[in-house]
There are 2 protein chains.
Amino acid sequence: MTYCCGVLVRDGLVMIADTRTNAGLDNISTFRKLHIFDEPGHHVLALASAGNLSVSQSVVSLLHEGVEDHEAGERQMLRDSKTMFQAAQLVGRAIRQVHTVDAHALEQSNVSFDVSFLLGGQIVGGPLRLFMIYSAGNFIECTTDTPFLQIGEHKYGKPVLDRAVTYDMNISDALKSSLISMDSTMRSNLGVGLPIDVMVLCPDTLEADLNYRIEPGEPYFHDLRERWSAALRAAHSSIPRPPYLKNVRSKADE
Amino acid sequence: MTYCCGVLVRDGLVMIADTRTNAGLDNISTFRKLHIFDEPGHHVLALASAGNLSVSQSVVSLLHEGVEDHEAGERQMLRDSKTMFQAAQLVGRAIRQVHTVDAHALEQSNVSFDVSFLLGGQIVGGPLRLFMIYSAGNFIECTTDTPFLQIGEHKYGKPVLDRAVTYDMNISDALKSSLISMDSTMRSNLGVGLPIDVMVLCPDTLEADLNYRIEPGEPYFHDLRERWSAALRAAHSSIPRPPYLKNVRSKADE
């Protein structure tokens with residue numbers, strides 16, 4: 001499994017991805033899923049991937065080497081995209097190219113062509129944007145109404161984002177929310193695990209403000225996990241007991 | 001969608017189920033999914049269902065009318081089960097009987113034979129037990145290590161159970177945890193909704209200690225939802241900001 005999340009607030013962009021891959025529970029490995037394409041001063045793009053690793057890695061390789069454009073008779077690389085929209089289109093075309101090559105053989109082996117990406121970043125002259133690209137190559141864009149997108153194992157970490165994330169929040173709080181969301185996911189799904197890769201990009205800096213790997217035992221994240229658990233237990237205790245069981249004598253209370 | 005949860009602690013059993021069914025988002029209805037089979041002093045069984053409503057209702061009808069036992073040449077009803085294990089077996093056989101009748105035709109219409117049940121309760125002479133029964137008719141039993149089972153849309157409501165529920169907790173706290181778990185699920189999935197049916201059964205009472213429907217606007221549950229949201233926001237605020245962004249000046253803070 002995988003969990004990746006992008007949070008786009010007025011203050012900036014957070015991209016976060018775990019690194020665990022598995023082919024069955026008995027074959028677990030660590031692979032980077034957050035790929036940075038950057039040229040400081042010109043563009044910073046972060047691409048997070050979920051799904052079949054052979055497909056997502058092929059897409060990333062094509063974006064580096066160039067996706068063939070038969071009409072123009074040339075290869076287009078992600079770094080040459082003029083706008084974020086064109087960059088998202090190119091990721092979609094790379095997915096379709098891999099589909100053309102691999103999907104039939106995968107299907108013969110009962111492996112589904114399953115892949116999705118988050119693409120966030122900024123290209124000089126345009127705004128900071130965030131997209132989610134599906135396995136068919138189509139995509140949606142993050143807006144201010146719901147300022148986050150998720151791929152992979154998204155359910156466990158969604159309630160905290162639904163409640164905490166707003167477009168007006170501080171970039172540090174957006175990063176904190178994404179880390180809590182990752183923690184909730186890691187606790188409930190062993191297929192999502194440390195280390196975690198994080199990128200933060202503020203508007204118009206055109207250079208990653210953070211490109212960081214959180215390793216097992218890293219003090220802040222360890223502390224965040226302990227504090228969040230304790231706070232949830234305290235929140236649970238603070239809610240009055242239901243009034244429905246008036247006639248029940250609890251043995252646990254005796 | 002559906003969300004049902006059973007919590008079995010030393011102090012007793014909580015069964016909780018929402019009532020929303022949908023055939024697409026444009027066809028939403030209310031159906032009871034928590035079915036009680038009881039004869040005070042002899043047995044109390046609660047059966048919660050998820051999946052295809054036509055399948056789950058047929059299973060419930062068979063359990064009332066009797067599942068044919070060709071070897072014994074008779075029909076077996078759930079209320080005649082001697083032990084909770086035999087009751088779980090009978091639910092499994094009812095599922096298989098409906099499968100024999102309906103699965104092929106459903107498949108022809110591209111509808112999957114998708115159903116699952118939680119069966120909890122006590123039969124005189126035996127202990128309080130809780131089972132989860134799959135669409136193939138096989139089942140697992142809840143144990144003290146993980147004292148809850150879930151069916152339907154289980155992911156959103158699992159983190160809070162993972163953190164809060166222990167076998168030694170008070171029955172009122174177990175009920176509170178299941179309500180918070182239901183709230184988290186309802187917030188993130190529109191396919192899960194009020195009213196909510198709840199049953200509580202303490203050991204050896206052999207009569208439901210609570211058999212209650214929480215309707216929209218019910219004061220305690222409304223208050224629980226507000227308090228839980230506020231507590232989560234407070235918990236989020238109480239965690240220090242990540243130390244990774246030292247050089248970033250947040251515009252949101254200016």
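No lab work stands behind these numbers, since they all come straight from the coordinates. Every value quoted in this text rests on a predicted model; they were computed, and no experiment measured them. Using ideal geometry, Cβ is built from the backbone for each residue, glycine included, and neighbour counts are taken over all protein chains shown.
Ratio of alpha-carbon Rg to the 2.2 N^0.38 Å globular estimate for the range B:145-223, to two decimals, please.
Rounded to two decimals, the normalised Rg is 1.12.
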Label 7 Å beyond Cα on the Cβ vector: residue A:213 copy-to-copy distances, nm: 5.7
Could you calculate the contour length gain from residue B:124 to residue B:247, that is, 0.36 nm times the residue separation minus the distance between their Cα atoms, to one decimal place in nm? 37.5 nm
Show me, for the range B:69-78, the HN-Hα J-couplings you get by feeding each phi into the Karplus relation (A = 6.51, B = -1.76, C = 1.60, θ = phi - 60°), rounded to Hz, glycine and proline as x. 10, 5, 5, 7, x, 8, 9, 10, 9, 4
So what is the relative contact order for chain A, in percent, with contacts set as C-alpha pairs under 8 Å and at least six apart? 26 percent
Measuring label to label, 7 Å along Cα→Cβ, what does residue B:42 give against each other copy in nm, shortest first? 8.2
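Just need the relative contact order of the range A:75-158 here, percent rounded to a whole number, with Cα pairs under 8 Å and 6+ apart.
Averaging sequence separation for qualifying contacts and normalising by length gives 28 percent for the range A:75-158.
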Cα-based shape type of the range B:70-123, given that a ≥ b ≥ c are square roots of the gyration tensor eigenvalues and the cut on a/c is 1.5: oblate
One finds, for residue B:238 and residue A:72 with R0 = 51 angstrom and r their Cβ-Cβ distance, a FRET efficiency to the nearest 0.05 of 0.40
Across all directions of projection, what mean area in square nanometres is found for the Cα convex hull of the range B:1-66? 5.4 nm²
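Sum up the charges of everything whose Cβ sits under 13 Å from the Cβ of residue A:22, counting Lys and Arg as +1 and Asp and Glu as -1, but leave residue A:22 out.
-1
In units of 2.2 N^0.38 Å, what is the alpha-carbon radius of gyration of the range B:3-238?
Cα-based Rg divided by the globular estimate yields 1.02.
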Return the chain A residue and its Cβ-to-axis distance, rounded to the nearest Å, for the rotation relating A to B. A:155, 2
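Starting from the Cα gyration tensor of the range A:71-182, take the square roots of the eigenvalues, sort them a ≥ b ≥ c, and report rounded, prolate or oblate (rounded when a/c is under 1.5, otherwise prolate if a/b is larger than b/c, else oblate). Could you put the intermediate results ahead of the total?
Values: a/c = 3.27, a/b = 1.37, b/c = 2.38.
Oblate shape, in that a/c is at least 1.5 and b/c is the bigger or equal ratio.
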Charge tally for neighbours of residue B:101 with beta carbon under 14 Å away, counting Lys, Arg as +1 and Asp, Glu as -1, is -2
Taking 0.36 nm per residue of sequence separation and subtracting the Cα-Cα distance, how much length would be gained by fully extending the chain between residue B:30 and residue B:61, in nm to one decimal? 9.3 nm
Given the DSSP H assignment, sum -39500 (n - 2.57) over each helix run of at least 4 residues in the protein assembly as shown and divide by its residue total; what's the result at 222 nm in deg cm²/dmol, nearest 500? -11000 deg cm²/dmol
Along the Cα→Cβ direction, 7 angstrom out, place labels at residue B:83 and residue A:105. What is the inter-label distance in nm? 5.4 nm
Loop-resident sites, the range B:222-252, for trypsin sites (Lys or Arg not before Pro), counting at most 14 other Cβ within 10 Å (DSSP): B:246, B:249
What FRET efficiency, computed as 1/(1 + (r/R0)^6) with R0 = 45 Å and r the Cβ-Cβ distance, is obtained for residue A:166 and residue B:204, rounded to the nearest 0.05? 0.35
Quick one: label points 7 angstrom along Cα→Cβ at residue A:86, distances to the other copies in nm, smallest first? 7.6
Given the convex hull over the Cα atoms of the protein assembly as shown, what projected area results after averaging over all orientations, in nm²? 27.4 nm²
